[in-house]
Each structure stands twice: as structure tokens, then as C-alpha cells.
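One structure below.
Coordinate-derived values only; no laboratory data. Model, not experiment: these values are computed from the prediction. Because the Cβ atoms are built from the backbone with ideal geometry, glycine has one as well, and the counts that use them run over all protein chains shown.
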Amino acid sequence: NKAKHSGRATYAFYTQELTLYAQQRVELAISLRQALLKEELRAHYQPIHDLDSGRLIGFESLVRWQHPERGLVPPGEFIPIAEENGLISDIDLWMLEQACLQMRAWLESGCRLKFVAVNISSRLFNRGILDLRVAEILARTGLPAQYLELEITESTVMREPEVALEQLQRLRELGIRLAIDDFGTGHSSLLRLKRMPVHKLKIDQGFVAGLPADSEDAAITRSVIMLAHSLGLTVLAEGIERPEQMDFLKRNRCDLGQGYLFGKPLPVEQLAQALEEIRET
Ligand code: C2E
Ligand code: CA
Ligand code: CA
Ligand code: CA
């Protein structure tokens with residue numbers, strides 16, 4: 001009897017908690033929708049370097065929410081909600097346009113960058129109209145297709161590989177570049193990977209974290225680098241924070257690197273110094 005009673009109390013407590021949680025999420029969803037209209041979203045850019053030469057060669061765009069009361073909200077706190085209610089597609093299309101405009105401006109000011117990379121959610125990727133939207137945005141912003149790279153996660157690509165293959169092919173026909181993000185976490189079959197018309201694999205930062213000491217992380221990283229190269233793909237390691245990690249990756253012929261060691265994601269105004277070094281004179 002006593003147990004039953006306390007069980008009920010716990011239940012009541014959980015319902016209250018859940019209601020509060022659900023309510024917060026609804027509120028967040030509403031204010032996120034308004035954030036898009038009120039232009040509270042910001043694009044930050046993280047540098048990507050060629051490991052051989054050490055040179056800055058591109059940027060990845062990462063979304064931030066400049067909330068009037070809460071300050072800068074990281075994507076981990078609002079992307080899951082945006083994925084649930086579908087708002088993520090509008091956010092991605094907005095980011096895509098910002099990144100294309102920005103890349104065009106960088107190129108026009110003489111920066112020798114090779115690409116800007118934009119994250120695409122599975123929601124948007126699976127709608128089947130991504131190639132049409134990308135074509136519109138390229139036309140509207142005037143960015144030549146070869147400078148745009150889309151990052152699609154391994155799990156998105158591998159969930160329905162046949163459907164994904166068709167969408168990737170249509171995107172590739174536009175002349176843009178394609179990267180598989182978070183590689184190593186999404187159960188690729190090698191046969192399917194071989195057929196995917198992509199240019200780049202991004203090794204998930206979870207594997208880079210343990211380099212060079214963790215022998216499993218080291219073995220996985222080495223095999224992904226070899227796999228990428230044997231398929232003729234470029235390979236990038238994410239989340240590089242320490243020089244020892246970079247040394248390991250260079251020794252093992254990883255092409256590109258990204259991480260706090262090179263630079264954190266920053267708003268455009270704070271990238272001037274990094275860009276000055278690659279400006280054409
Ligand atoms: P991601 O695409 O794998 O992006 C890499 C994340 O790692 C970023 O977190 C970046 O700030 C962080 N990072 C970079 N270098 C380091 C490092 O050296 N150490 C550590 N510990 N972290 C590093 P962020 O910006 O918080 O983004 C988190 C995730 O949110 C992204 O993971 C991506 O999945 C998603 N995201 C961000 N922007 C967008 C967007 O515009 N659209 C979509 N669909 N998703 C986005
Ligand atoms: Ca990414
Ligand atoms: Ca990633
Ligand atoms: Ca190289």
C-alpha cells in the first residue's frame with residue numbers, strides 16, 4: 001500500500017516535470033520560429049586547413065542563435081527541437097544562402113578559399129527537393145557551384161541508401177561538392193559507400209579525441225584515411241585540439257584538418273586576420 005502510494009506520488013511528480021519540459025519545448029519552438037523572422041540567427045565560420053601546407057583553405061558554417069535574453073545559444077540546444085517540428089529545413093536554407101553570399105564576398109575581396117561547407121539536416125535532405133533549392137540559391141547569390149560543399153551525415157545517407165544515392169547524384173550534377181559528416185558513427189556498408197558520389201569523408205571527432213595514444217582510435221583513424229584514399233576521396237579530421245593529434249594525422253596522410261587548434265567557429269567580423277594571410281596581393 002505504502003509502495004503504491006509513493007509510486008503514485010512519483011508518477012504525479014513525473015507528469016508535472018514532463019508538462020513543464022513539454023511546455024518549455026513548445027515555448028522554445030515558438031520563439032525559434034520568431035527568431036528566423038527577427039533575424040536572431042547567426043552564421044559562424046570555422047577554418048579548415050590543408051595539413052601538408054598548413055594553409056587555410058575553407059570554412060564550415062555553423063548556426064548560432066543570438067537570443068535577446070539568453071545570449072548566444074549553441075545549436076545543440078535548439079537543433080533537436082527544430083528537427084522535431086521541421087523548422088530545421090528553413091534554418092538550413094537560410095544558412096545556405098548566408099554562406100553562399102559570404103563566400104562570394106570573400107572571393108571578390110581576393111581571398112583564395114576553395115570552399116564553404118554547409119550542414120544539411122536529414123529532414124531537408126529527405127524532402128527530395130534539395131537540389132532544386134540549392135540551384136535557386138546558387139543562381140540568386142551568384143556563387144559558382146564549385147565553391148559550395150554540403151555536409152550530410154553518414155546516418156542520413158545510409159538510412160535509405162537508394163533514395164540518398166539519387167539525391168546525391170542530382171546534387172553532384174549541379175557541380176557542387178559533397179562530404180559525408182560524422183564518418184565512422186553511421187554503419188556504412190563499404191559497397192554502398194563505394195557507390196556514393198561524394199568527394200570527402202569527415203572523420204568524426206570522437207575518433208580524433210583519443211589520438212595518438214588510444215590504439216583503437218588510432219587504428220580506426222588510419223583505416224578511414226586509407227579507405228578514403230583508396231576510393232579516391234579527400235579525408236578531413238574534425239576536433240583537432242592538440243599538436244600531437246595533428247602530428248599523427250599528418251604522419252598518416254590525412255588531407256585536411258579542423259578544430260580548436262586551428263580556430264574556433266567565429267562571426268565574420270572576427271575572421272579578418274586569418275583571411276589576410278591568404279589574400280591575393
Ligand atoms: P558538426 O557538423 O559535427 O560540427 C562540428 C562541431 O564540433 C561544432 O559544434 C564545432 O563547434 C565543434 N568543434 C569544432 N572543433 C572542435 C574541437 O576542436 N573540439 C571540440 N570539442 N569541438 C569542436 P557546434 O557548432 O556546437 O555544432 C554542433 C552540431 O550542430 C554540428 O555538428 C551539426 O550537427 C549541428 N549544426 C550546426 N550548425 C548547423 C546548421 O546550420 N544546420 C544543421 N542541420 N546542423 C547544424
Ligand atoms: Ca558538419
Ligand atoms: Ca561532424
Ligand atoms: Ca595535402
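Do the sum for the chain: with -39,500 (n - 2.57) for every DSSP H run of n ≥ 4, divided by all residues, what is the mean residue ellipticity at 222 nm, to the nearest 500 deg cm²/dmol? Numbers along the way, then the final one.
Numbers: 12 runs with 144 residues, N = 281.
Mean residue ellipticity at 222 nm (helix-derived): -16000 deg cm²/dmol.
Provide the descending list of Cα extents for segment 134-281 along its principal axes, expressed in whole angstroms.
The Cα atoms of segment 134-281 stretch 46, 45, 23 Å along their principal axes.
For segment 53-139, state which trypsin sites (Lys or Arg not before Pro) are in a DSSP loop and have at most 11 other beta carbons lying within 10 Å of their beta carbon. It would help to have the intermediate numbers written out before the result.
On the way: sites: R55, R64, R70, R104, R112, K114, R123, R127, R133; in loops: R55, R70, R112, K114, R127.
Those that pass, being in a loop and sparsely packed, are R70.
Mind jotting down the distance between the C-alpha centroids of segment 202-281 and segment 74-117, whole Å?
Each part reduced to its Cα centre gives a spacing of 21 Å.
So what are the ³J(HN,Hα) numbers for segment 258-264, from phi and the Karplus equation (6.51, -1.76, 1.60; θ = phi - 60°), rounded to whole Hz, Gly and Pro as x?
Computed from phi, the couplings for segment 258-264 are 8, x, 4, 4, 8, x, 7 Hz.
Please compute, for the alpha-carbon atoms of segment 88-221, the extent along each of the three principal axes and give them in descending order in Å.
47, 35, 25
Roughly how tilted is helix 215-230, in degrees to the nearest 10 and between 0 and 90, from the longest Cα axis of the chain?
50 degrees
Counting only DSSP beta bridges with both residues in the chain, what percent are antiparallel, rounded to the nearest 5? Don't skip to the end; give the middle numbers.
On the way: 16 of 38 bridges.
Around 40 percent of the beta bridges assigned by DSSP in the chain are antiparallel ones.
What are the semi-axes of the equivalent ellipsoid of segment 79-163, taken as the square roots of 5 times the eigenvalues of the Cα gyration tensor, listed largest first and rounded to whole Å? Spell out each step's value before the answer.
On the way: eigenvalues 123, 37, 27 Å².
Semi-axis lengths for segment 79-163 are 25, 14, 12 Å.
Going by alpha carbons, how many degrees (0 to 90, nearest 10) lie between the helix axis of 161-173 and the longest principal axis of the chain?
Roughly 40 degrees between the two axes.
So if I restrict to the alpha-carbon atoms in segment 28-149, what is the Rg, and what is Dmax, the biggest pairwise distance, in Å?
15.1, 46
Apply the Karplus curve 6.51 cos²θ - 1.76 cosθ + 1.60, θ = phi - 60°, to the phi angles in segment 86-95 and return the couplings in whole Hz, x for Gly and Pro.
x, 4, 4, 5, 5, 4, 4, 5, 5, 4
Among L190, L41, L165, which one shows the biggest mean-square fluctuation in a GNM of the chain, springs joining Cα atoms closer than 10 Å?
L190
Specify whether the C-alpha gyration tensor of segment 142-215 places it in the rounded, prolate or oblate class, a ≥ b ≥ c being the square roots of the eigenvalues: rounded for a/c under 1.5, otherwise prolate if a/b is larger than b/c and oblate if not. Intermediate values should be presented prior to the final figure.
Working: a/c = 2.91, a/b = 1.49, b/c = 1.95.
It comes out oblate by the Cα gyration axes.
Given that compact globular proteins tend to follow 2.2 N^0.38 Å, what is the ratio of the alpha-carbon Rg of the chain to that value?
Working: Rg = 21.0 Å, N = 281, 2.2 N^0.38 = 18.7 Å.
In units of the globular-protein estimate, the chain measures up at 1.12.
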